[in-house]
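Asks: Structure provided below as structure tokens; questions to follow.
The values are calculated or read from the model by the stated rules, or taken from the named source; none is laboratory data. Here the structure is a predicted model, which means the values were calculated and not measured. With ideal geometry, Cβ positions are generated from the backbone for all residues, glycine too; neighbour counts draw on all protein chains shown. SASA here: full protein model, heavy atoms, side chains in, ligands and nucleic acids out. Shrake-Rupley method; radii C 1.70, N 1.55, O 1.52, S 1.80 Å.
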Amino acid sequence: MALVNEHFLKLANNYLFADIAKKVNAYKIAHPKQRVISLGIGDVTQPLCPAVIKAMHKAVDEMAEQASFRGYGPERGYDFLREAIIKNDFLPRGIHLDANEVFVNDGAKSDTGNIQEILRWDNNIGVTDPIYPVYIDSNVMIGRAGIFENGKWSNVTYMPCDESDDFIPQIPDHRVDMIYLCYPNNPTGTVISKEELRKWVNYAIKNESIILYDAAYEAYITDPAIPHSIYEIRGARKVAIEFHSYSKTAGFTGVRCGYTIVPKELKAKTLAGEEVALNPIWDRRQCTKFNGTSYISQRAAEAIYTPEGKEQVKATINYYMENAHFMRAELQKLGLRVYGGENAPYLWVKTPNNTPSWKFFEEMLYGASVVCTPGVGFGPSGEGYIRLTAFGEHEDCKEAMERIAKWLGK
């Protein structure tokens with residue numbers, strides 16, 4: 001009989017959001033007449049902007065004609081999109097990239113989960129805590145995380161982020177091979193300054209570590225002092241891979257498109273001590289396991305870089321951030337401690353009286369019919385917090401705040 005990859009058996013039975021869905025469905029069955037407002041899962045609600053729709057229609061029409069039909073596309077992505085990415089997302093920030101350093105994908109989740117394949121299974125990893133679960137789960141699957149004991153993985157360095165240190169992770173006092181950073185942060189909604197990010201780049205250079213930098217929410221940054229890319233820091237090209245997504249930027253959660261930057265200077269070592277560039281290795285991996293993002297999706301992504309596309313996407317981002325600012329203010333009026341929601345579409349809320357995250361989740365679901373995400377689902381340091389998303393409709397966010405206020409008796 002074939003043997004199973006037993007590392008998969010170490011994972012929790014359900015992904016965090018599957019557990020939430022199960023509990024919410026049970027509530028709906030028991031309360032069929034009650035309308036539930038979800039501020040838990042970070043899915044978008046606003047439709048694709050007109051520029052994107054126009055580009056997709058045009059691309060579909062091209063696929064219907066023999067002369068313009070396209071089959072397999074280039075695994076790295078079409079030049080038209082990669083050039084638009086470099087011109088619009090990096091050059092204005094003084095970052096110069098080669099087109100072959102840009103890899104178009106079907107969303108940041110895929111590449112943040114798959115990137116660990118090109119590094120040895122016995123590297124150790126470091127994560128900010130709380131953290132997006134995919135980072136750790138994908139490493140569990142290959143056997144890199146070790147053994148799960150007392151809420152933590154034995155081969156993972158956890159870097160707690162809480163209100164006592166303004167959610168700034170502390171540099172480890174030992175060498176870590178692979179470091180996951182996500183800014184603006186999911187789940188806390190907090191950001192990192194250039195000064196703090198420079199410390200991480202310097203640490204990685206000194207320790208020959210690799211930083212896996214998730215910038216999926218950079219479009220929500222409004223503070224000019226906050227970096228949008230780790231490559232704004234000198235030396236980062238030697239130590240960092242960066243991930244971007246159009247999912248929350250342009251509403252592509254159902255369209256699927258994003259990209260990853262793997263600089264040519266980035267290297268890792270063999271057991272014999274030979275330095276090897278990771279760019280061609282990642283390219284080889286993609287050519288073997290990935291046939292490229294659809295032409296239609298890439299034309300849609302290209303459209304957000306047009307003048308009209310930029311304005312329309314900006315309007316959608318502003319819509320969500322209006323929700324975030326409103327929710328933050330209302331929750332603070334209720335006496336709750338709230339973080340994030342200023343340069344990110346997430347709010348990180350401290351539960352009253354240190355109520356455990358899952359307990360507060362259920363109390364709010366049954367008391368206000370509002371869904372949140374329990375903070376502990378993002379890691380041990382998330383206990384005692386919940387995450388709320390600003391991706392809902394204005395009316396739903398307003399009603400949710402009214403329900404919460406009534407439920408809390410405020």
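Asks: If I ask for residues that are open to solvent by less than 30 Å² (accessible area, probe 1.4 Å) and within 17 Å of Lys314 (Cα to Cα), which ones from the stretch 22-52 would you list?
Replies: Within the stretch 22-52, Val44, Cys49, Ala51, Val52 meet the criteria.
Asks: With the condition kept exactly as written, say whether any residue in the stretch 308-320 is hydrophobic (A, V, I, L, M, F, W, C), out of contact with any Lys or Arg (no Cβ under 9 Å at 6 or more places or on another chain) and assigned by the TED database to the domain that holds Ala344.
Replies: Restricting attention to the stretch 308-320, the residues satisfying the condition of being hydrophobic (A, V, I, L, M, F, W, C) are 313, 315, 317.
Imposing the further condition that a residue be out of contact with any Lys or Arg (no Cβ under 9 Å at 6 or more places or on another chain) reduces the set to 313, 315.
Still in the list and also assigned by the TED database to the domain that holds Ala344: 313, 315.
Within the stretch 308-320, one or more residues are hydrophobic (A, V, I, L, M, F, W, C), out of contact with any Lys or Arg (no Cβ under 9 Å at 6 or more places or on another chain) and assigned by the TED database to the domain that holds Ala344.
Asks: Here is a follow-up. So which residues in the stretch 139-152 are among the hydrophobic types (A, V, I, L, M, F, W, C), within 22 Å of Pro374 (Cβ to Cβ), open to solvent by 40 Å² or more (accessible area, probe 1.4 Å) and assigned to a loop (DSSP other than H, G, I, E, B)? Please lay out each step first, then the result.
Replies: Taking the stretch 139-152 as the starting set, the residues that turn out to be among the hydrophobic types (A, V, I, L, M, F, W, C) are 140-142, 145, 147-148.
Pick out the ones that are also within 22 Å of Pro374 (Cβ to Cβ) and you get 140, 145, 148.
Pick out the ones that are also open to solvent by 40 Å² or more (accessible area, probe 1.4 Å) and you get 148.
Correct list: empty.
Asks: Scan the stretch 344-359 residue by residue and report those that are among the β-branched types (Val, Ile, Thr), part of a loop (DSSP other than H, G, I, E, B) and closer than 30 Å to Ile221 by Cβ.
Replies: Thr351
Asks: Could you check how many residues of the stretch 81-131 are in a helix (DSSP H, G or I) and open to solvent by 50 Å² or more (accessible area, probe 1.4 Å)?
Replies: Within the stretch 81-131, residues that are in a helix (DSSP H, G or I) and open to solvent by 50 Å² or more (accessible area, probe 1.4 Å) number 8.
Asks: Right, here's the next one. Could you say whether any residue in the stretch 324-337 is outside any loop (DSSP other than H, G, I, E, B), over 29 Å from Thr128 (Cβ atoms) and either of a type in the set (S, T, N, Q) or under 22 Å from the mean Cα position of the chain (by Cα) (or both)?
Replies: no
Asks: Suppose we filter the stretch 220-261 for residues that are open to solvent by 30 Å² or more (accessible area, probe 1.4 Å) and of a type outside the set (Lys, Arg); how many remain?
Replies: Residues that pass the stated criteria total 8.
Asks: I need the full set of residues from the stretch 153-184 which are within 16 Å of Gly375 (Cβ to Cβ), touching a residue at least 40 places away in the same chain (Cβ under 8 Å) and not in a loop (DSSP other than H, G, I, E, B), in order please.
Replies: Within the stretch 153-184, Tyr158, Pro160, Glu163, Cys182 qualify.
Asks: Then there's this: One residue is enough: does the stretch 277-299 have a residue meeting the conditions among the β-branched types (Val, Ile, Thr), open to solvent by less than 10 Å² (accessible area, probe 1.4 Å) and in contact with a strand residue (DSSP E or B) (Cβ under 7 Å, 6 or more places away or on another chain)? Step through it out loud before you land on a result.
Replies: First pass over the stretch 277-299, keeping only residues among the β-branched types (Val, Ile, Thr): 281, 288, 293, 296.
Filter again for open to solvent by less than 10 Å² (accessible area, probe 1.4 Å), leaving none.
Checking the stretch 277-299: not a single residue is among the β-branched types (Val, Ile, Thr), open to solvent by less than 10 Å² (accessible area, probe 1.4 Å) and in contact with a strand residue (DSSP E or B) (Cβ under 7 Å, 6 or more places away or on another chain).
Asks: Here's another thing I want to ask about it. Out of the residues in the stretch 213-241 that are part of a helix (DSSP H, G or I) and of a type outside the set (Lys, Arg), which is farthest from Tyr346 (Cα to Cα)?
Replies: Looking at the filtered set, the residue picked out is Ala236.
Asks: When you check Pro187 against the structure, is it without any contact (Cβ under 8 Å) to a residue 24 or more places away in the chain and in the same structural domain as Lys248 (by the TED database), yes or no?
Replies: no
Asks: Same structure again: Residues to consider are Lys194, Lys206, Lys152, Lys199; find the one that is under 21 Å from Val376 (Cβ atoms) and either more than 17 Å from the chain's Cα centre (by Cα) or assigned by the TED database to the domain that holds Ser247 (or both).
Replies: One residue alone meets the criteria, Lys152.
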